[in-house]
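Just below is one structure, and these are the notes that go with it.
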Amino acid sequence: MKSDQQRLKEILSSPHRSAEDEQWLQSYLASTDAAELRKQAADIFQEHLQQGTRLPQETSMRMWDKIQQRVDTLETPVLRHYRKYWWLAAAMLVLVVITYPLLRKQQPRPMATSVVKPGSNEAVLTLADGSKVALSDTGSQVIKTGNMAIQQKQGELRYEQQGDEANAFNELTTPRGGVFQVSLPDGSHVWLNAASSLKYPLKFKGTRTVILNGQAYFEIAPNPRQPFIVKVNEMEVQVLGTSFDIMAYNDEQVVNTTLVEGAVKVLQGETSALLHPGQQSTLHPATGNMEVQAANLESVLAWRNGKFELENTDLPAFLRQLARWYDIEITIEAPAKEVAAKKFGGQIGRDMDLQDVLKILDLYGVDCKLENRKLTVLSVHS
């Protein structure tokens, strides 16, 4: 015989439901303890996050809208308490897979006055003469600088050739809520994450040196005669031809360099580390200490693949990601100890509206208030 949780999982996962299923579900909601429902919902949600399964959006919304209409006709006090959370389950089905977040506080929370959309392809290119060009993911353009032309198409900037001026630099800057790609004059390709900048010369002479602030993923065009160097504050990453990720935001306490292919050498003062594929160096700028450990490449590269990585991610780190991606201000009123201890698992898409991400946080016991672009973390519980 199936357990109640197994049947709940099957019902919530299916785009089709019988009358018997609906009757069982209504009875189950009315008779099950609130804490147990929250635990079961979290377990089901976590399992589907790990499996990466998803239901078609149209099917999911139609299915859950029908259930919500049914629940709204019920008079049972217990069901009346829970019925306002069916829309939350629907949103999670659309966004990630399925879940059943039924529990929230009796008092309604203030809602955002408008939907906060996810980030997109957006950047500003600062040319050698100081002029600025706004870039987006719509349309294309040719940008003239000196005697060279730069192609911009959707979310990518491409330098077809090197310039003639040895000391001329361009700088690509993404705002909070923006990402962009650039093919450098030497053929190297860079993915720039939100709230980041990359400064580079129009002509590489000798060592190929660029300056990074924020986070970027690099695929370097091989050239043994011209080593490639990425400068991050006082740190340098030296490469010949390789693929790697650097995370060096000012609001993070560490700088992570993760090697995917090839070999890189990370230097900070007298400290250095030679990385092999699959390794990550973690630099603590405050002390100068550096550690090397095995990296979870899927986790590190999640942002480039349009995901938020939640596996073993604590709440403060996730909130910083949200602030950069959705361009919001975050205030934490919950006790610091509880906030620091809260961890998650799995991955979710970065294409969600912020309100839908907050519904997932609510499922994990993180109570938030969103007003315009200001997010307040009110409390955290298990």
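Just so you know, all these numbers are worked out from the coordinates, no wet-lab data involved. Note that the structure is predicted; figures quoted are calculated from it, not measured. Here the Cβ is made from the backbone with ideal geometry for all residues, glycine too, and neighbour counts use every protein chain on show.
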Between residue 28 and residue 226, the two model label points (7 Å from Cα along the beta-carbon direction) sit apart by a distance in nm of 6.2 nm
Along region 23-30, Karplus-curve 3J(HN,Hα) (6.51, -1.76, 1.60; θ = phi - 60°) to the nearest Hz, with x for Gly and Pro, reads 5, 5, 5, 5, 5, 5, 4, 6
Rounded to the nearest whole number, the per residue volume of the convex hull around the C-alpha atoms of region 164-262 in Å³ is 91 Å³
Rounded to the nearest whole number, the Stokes-Einstein translational diffusion coefficient of region 307-380 at 25 °C and 0.890 mPa s (Kirkwood radius, C-alpha pairs) in µm²/s is 201 µm²/s
Output row, site residue 374, 7 Å Cα→C-beta label point, backbone N cut-off 11 Å, window region 315-348, residues 329-331
Amide H contacts under 5 Å for residue 344, restricted to residues at least 5 apart in sequence or on another chain and with H modeled in the peptide plane, are 312, 313
Computed about the Cα centre, the charge dipole of region 120-300 from +1 Lys/Arg and -1 Asp/Glu charges at the Cβ has a magnitude in debye, to the nearest 20, of 440 debye
Per-residue Cβ contact counts at 10 Å, fewest first, order 314, 245 as 314, 245
In nm, the gap between the two label points placed 7 Å beyond Cα toward Cβ at residue 276 and residue 338 is 4.6 nm
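Once fully extended, how much extra length lies between residue 151 and residue 267, figured as 0.36 nm per residue of separation less the alpha-carbon to alpha-carbon distance?
Gain on extension, residue 151 to residue 267, equals 38.4 nm.
Net charge near residue 339, counting Lys/Arg +1 and Asp/Glu -1 over other residues with Cβ under 14 Å of its Cβ? Kindly include the intermediate steps, with their values, before the conclusion.
Numbers: positive: 320, 337, 342, 343; negative: 314, 333, 338, 367.
Local charge sum for residue 339: 0.
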Note: residue 296 to residue 236 extended length (0.36 nm per residue) minus current alpha-carbon separation gives 19.4 nm
Region 120-300: spread of alpha-carbon positions along the three principal axes, whole Å, largest first, is 44, 36, 27
Expected vector for region 276-282, Karplus 3J(HN,Hα) from phi with 6.51, -1.76, 1.60 and θ = phi - 60°, integer Hz, x for Gly and Pro, equals 10, x, x, 10, 9, 9, 10
From the cross-link list 117/153; 307/374; 153/265, the entries with a Cα-Cα span beyond 28 Å are 153/265
Net charge near residue 249 (other residues with Cβ under 9 Å of its Cβ; Lys, Arg +1; Asp, Glu -1) is 0
